[in-house]
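J.: Below you will find the structure I want to go over with you.
The values are calculated or read from the model by the stated rules, or taken from the named source; none is laboratory data. The shown structure was predicted, so the numbers you read here are calculated from the model rather than taken from an experiment. We place every Cβ from the backbone using ideal geometry, glycine too, and count neighbours over all the protein chains shown. Keep in mind that these areas ignore ligands, DNA and RNA; they rest on the heavy atoms of the full protein, side chains included. Shrake-Rupley method; radii C 1.70, N 1.55, O 1.52, S 1.80 Å.
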Amino acid sequence: MKIVICASEMVPFAKTGGLADVAGALPLALEKAGEEVIVIMPHYKGIPDAKFAISKLKNDIYHTVIGKKIKVYFIDNEVYFRRDSLYGDKAGDYSDNLERFSFFCKRALELLKAIDFKPQVIHCHDWQTALLPVYLKNYYAKDNFYQDVKTVFTIHNIGYQGLFPKEDFPKLGLDWDLYNMEGLEFFGRINVLKGGLLFSDIINTVSPTYSREIQSAKFGFGLEGVLAQRKDSLFGIINGIDYSIWSPEKDQIIAKNYSFRDLKSKGRNKEALQKLCKLPVKKEVPFFGIVSRLAEQKGFDILAEGINHICKMDLQLVILGTGNLKYHLLMEEMVKKYPEVISLFLKFDDALAHKIYAGSDIFLMPSSYEPCGLGQLISLSYGTIPLVFKTGGLADTVNASNGFVFDKYSSLDLIKTVKKAIKVYADKTKWAKLQEKAMQCNFSWEGSAKEYIKLYEKASQKK
Ligand code: ADP
């Protein structure tokens, strides 16, 4: 099958979160499964062209190759993509994100014609590419080249919908007929994600539990009704992780490689991490790690409520992430108050993330909702036991045999579960069993890619 993956970020070129991991790993897994895949993403300023052998193909199209022969196309635009960040700066989201990503979606479709690649399926991800199915079914509907091209749309997080003022609608170049309750209108604003949900042939999200949850008012962020309408075309496929990047046996970044047969060497990583964090080097103290956006969604509201209590326990905690200023300030205050307990890195740092996954004992991920979550999958691979709230992909991947799960979202329950983890950690036999179970989990892309191929087949059969 001929497949196009279209996304706004992708490992190894540009990453702000899990979407990039997925968009980078899925094409490789599809190629391994025998599919013909190309990828399209924006040509951001931060992408080091020379490092990835990216060169100009023609006009505004750049390209390179990944895997065996997956062509990656980058759409260039001086005004839209030559900026320091992908989506926004300190002041917030870029005010012209609607123009930036509607431009990207149109150009991605035009690029297919320019390179004469007619796919069976275009696979779009999140609101940044949600306008592509809208343009395909409306703007380009009469163009022969695009006949029978189908779309699969993946929701990585329904909390981010791409909402813009009604006044911006003419910038899309779409007919006003599409701006109503049955179309892209959403409480008086443009909802780009809604467009993707309405016009794609198949919709999926990144775990079975989350695909059910988002059909409810509690998790649907106002789009539960639209999803209920499209229930028969809505699926859930758990993400994989790329074990060539996230494996303690092969990881080139960590202090010492290890496997579940050699967990002593994991201790070397703990020691190195404690030093790096300027925390006391103590073998016996349970070391908690967080690699995350500092956002409510990631559990920072209940963590903030419980942090004083947690810091008084016999543990250490390292936090790596950026996000909400109020959590930056709170955690900075905690570092001042408990310098021997907590260490903080307010930045995005891939290498440090590797060191935290390898060096900590317990990975804290108490998200209030979590479409799939990659942090817990990565930590399992490193024998770092995840502690999670039972929701979405966390509920589908972590249980009592490989981690700690609490099912009432409150700081009290979080604290209780942290205490429980500390207790189990002290029991070396139980801990070793947990680590072994965790490291034996396999969330490789191979299985998920097969599921995606089935979805592509379903999409291509749609009338
Ligand atoms: P999200 O909702 O942010 O996409 P996921 O758990 O799905 O959350 O994926 C997050 C990905 O981004 C993981 O690969 C995680 O290791 C990485 N990550 C998050 N924050 C940071 C950071 N500050 N530095 C490095 N990597 C990070």
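J.: Do you know which of the residues in segment 361-371 that are in a loop (DSSP other than H, G, I, E, B) and buried (at least 21 other Cβ atoms within 10 Å of the Cβ) is farthest from the ligand (Cβ to nearest atom)?
T.: The selected residue is ASP361.
J.: Now a separate question. Quick one: is PHE406 buried (at least 22 other Cβ atoms within 10 Å of the Cβ), more than 10 Å from the ligand (Cβ to nearest atom) and among the aromatic types (Phe, Trp, Tyr)?
T.: In short, no.
J.: Restricting attention to segment 1-13, report how many residues are open to solvent by less than 10 Å² (accessible area, probe 1.4 Å) and either of a type in the set (Val, Ile, Thr) or within 16 Å of the ligand (Cβ to nearest atom) (or both).
T.: 7
J.: It is to be established whether one or more residues within segment 233-252 are at pLDDT 95 or above and part of a helix (DSSP H, G or I).
T.: Looking through segment 233-252, at least one residue is at pLDDT 95 or above and part of a helix (DSSP H, G or I).
J.: When you scan segment 196-207, do you find a residue that is surrounded by fewer than 22 Cβ atoms within 10 Å (Cβ to Cβ) and in a loop (DSSP other than H, G, I, E, B), even just one?
T.: no
J.: Hey, can you tell me all the residues within segment 326-340 that are more than 13 Å from the ligand (Cβ to nearest atom) and either in contact with an Asp or Glu (Cβ under 9 Å, 6 or more places away or on another chain) or assigned to a helix (DSSP H, G or I) (or both)?
T.: Once the filter is applied, which keeps residues that are more than 13 Å from the ligand (Cβ to nearest atom) and either in contact with an Asp or Glu (Cβ under 9 Å, 6 or more places away or on another chain) or assigned to a helix (DSSP H, G or I) (or both), segment 326-340 yields LYS326, LEU329, LEU330, GLU332, GLU333, MET334, VAL335, LYS336, LYS337.
J.: Could you say whether any residue in segment 344-360 is closer than 24 Å to ASP413 by Cα, away from the ligand (no atom under 14 Å from the Cβ) and crowded, with 24+ Cβ neighbours inside 10 Å?
T.: No, because not a single residue in segment 344-360 is closer than 24 Å to ASP413 by Cα, away from the ligand (no atom under 14 Å from the Cβ) and crowded, with 24+ Cβ neighbours inside 10 Å.
J.: A further question follows. Can you name every residue in segment 253-264 that is open to solvent by less than 50 Å² (accessible area, probe 1.4 Å) and either of a type outside the set (Gly, Ala, Ser) or modelled with pLDDT under 95 (or both)?
T.: Of everything in segment 253-264, those that are open to solvent by less than 50 Å² (accessible area, probe 1.4 Å) and either of a type outside the set (Gly, Ala, Ser) or modelled with pLDDT under 95 (or both) turn out to be ILE254, TYR258, LEU263.
J.: Now for a separate question. Just one of LEU380, LEU374 is buried (at least 19 other Cβ atoms within 10 Å of the Cβ), within 19 Å of the chain's Cα centre (by Cα) and within 8 Å of the ligand (Cβ to nearest atom); which is it?
T.: LEU374
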